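The next block holds one structure in the form of structure tokens; read it before the comments.
Derivation of every value follows stated rules applied to the coordinates shown; laboratory data play no part. Keep in mind that what you see is a predicted model, and the values were worked out from it rather than measured. We place every Cβ from the backbone using ideal geometry, glycine too, and count neighbours over all the protein chains shown.
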Amino acid sequence: MTENVIVNVQNLTKSFGDLLVLDDISFQVKRGEFLCIVGPTGCGKTTFLNSLTKLYGIDSGSVTINGEQINLKKHNVAYIFQEYSTMGWLNVRENIQYGLKIKHFSKEEMDKRAENVMEIVGLKEYSNYYPRQLSASMLQRVVIARAFATEPELLLMDEPYGQLDLQLKYHLEDELINLWQKTGTTVIFITHNIEEAVYLSNRILVLTNKPTKIKQSIDNTLPRPRKVSDPNFVKLRNQVTDLIKWW
């Protein structure tokens, strides 16, 4: 394993009873990479992510971070779920600082990090607002800012923009890319939206239908900022679309 590899997955297998969902999956993720994972509807993408983190027990195989078995109590891993996960009794600043508070950061450092990420995602003027006062897109900004504030080794994102309209989705995707470029965080992003995967990633893993394997790994070298109308963007989107067709 090279020094640049942060996540190493070997022969990951997961079943639910007699249903084999993940079938002997192996891959690596390089430090600072933005990896998008796509596949047919129902192929087990969320199961895939939960198995990576051992939130689900696995049947066999191994998942390591920096050469050690993954341990969420030890490794700095942030997970953004499909559902909004803000805490209603905390304001925006307090929500963003929550992970830092658990890790016993000083107030000075918590304030510094919160100010930094709020500036990037446009939440500074809303720092004292509560979740009930915010729109859906702003709630998701809070969740993303909270994750980046902890400066995770690995950020896992499970279809975080699935409930947003197209315009808001593109805006938040741009903010996510900005944060990723500034922090160098390693990101694994699950999505069913092929265009989103091409827009965000620098590599795409295409999964098969169940029992799920990796069908292909595609490097995405399109220059940033990306335009969905660019012929090369359309070409890559069509390539991934053809790979996902399983009927």
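Some points to look at:
- From its DSSP helices (H runs of at least four residues, each -39,500 (n - 2.57)), the chain gives a residue-normalised ellipticity at 222 nm of -11000 deg cm²/dmol.
- Note, ³J(HN,Hα) from phi for segment 210-223, Karplus 6.51, -1.76, 1.60, rounded to Hz, x at Gly and Pro: 4, x, 7, 10, 8, 7, 6, 10, 10, 6, 10, 9, 4, x
- Our coupling estimate for segment 188-193, obtained by passing each phi through the Karplus curve with A = 6.51, B = -1.76, C = 1.60 and θ = phi - 60°, is 10, 10, 8, 8, 9, 9 Hz, Gly and Pro reported as x.
- Considering only beta bridges that DSSP places wholly inside the chain, some 55 percent are antiparallel.
- Each distinct pair of alpha carbons in segment 104-247 adds a 1/r term; the inverse of their mean, the Kirkwood radius, is 16.8 Å.
- Computed Kirkwood radius, in angstrom, where 1/r is averaged over Cα pairs of segment 158-208: 11.6
- Long-range HN-HN contacts of N220 with modeled amide H, under 5 Å: R203, I204
- Ranked by how many other Cβ atoms sit within 10 Å of their own Cβ, fewest first, the residues I188, I102 fall in the order I102, I188.
- Taken over the Cα atoms of the chain, the convex hull encloses 135 Å³ per residue.
- Karplus-derived 3J(HN,Hα) values for segment 46-51, using 6.51 cos²θ - 1.76 cosθ + 1.60 with θ = phi - 60°, are 5, 4, 4, 5, 5, 6 Hz; glycine and proline are entered as x.
- Relative exposure of W180, W89, judged by other C-beta atoms within 10 Å (fewest first): W89, W180
- Long-range HN-HN contacts of I190 with modeled amide H, under 5 Å: I37, M157, D158, E159
- Y56 long-range amide H proximity, modeled H, under 5 Å: S51
- For segment 184-247, the tally of Lys pairs with Cα-Cα distances below 24 Å comes to 7, considering only residues 8 or more apart or on different chains.
- Stretch gain in nm, segment E108-K124, where the contour uses 0.36 nm per residue and the Cα spacing is subtracted: 4.1 nm
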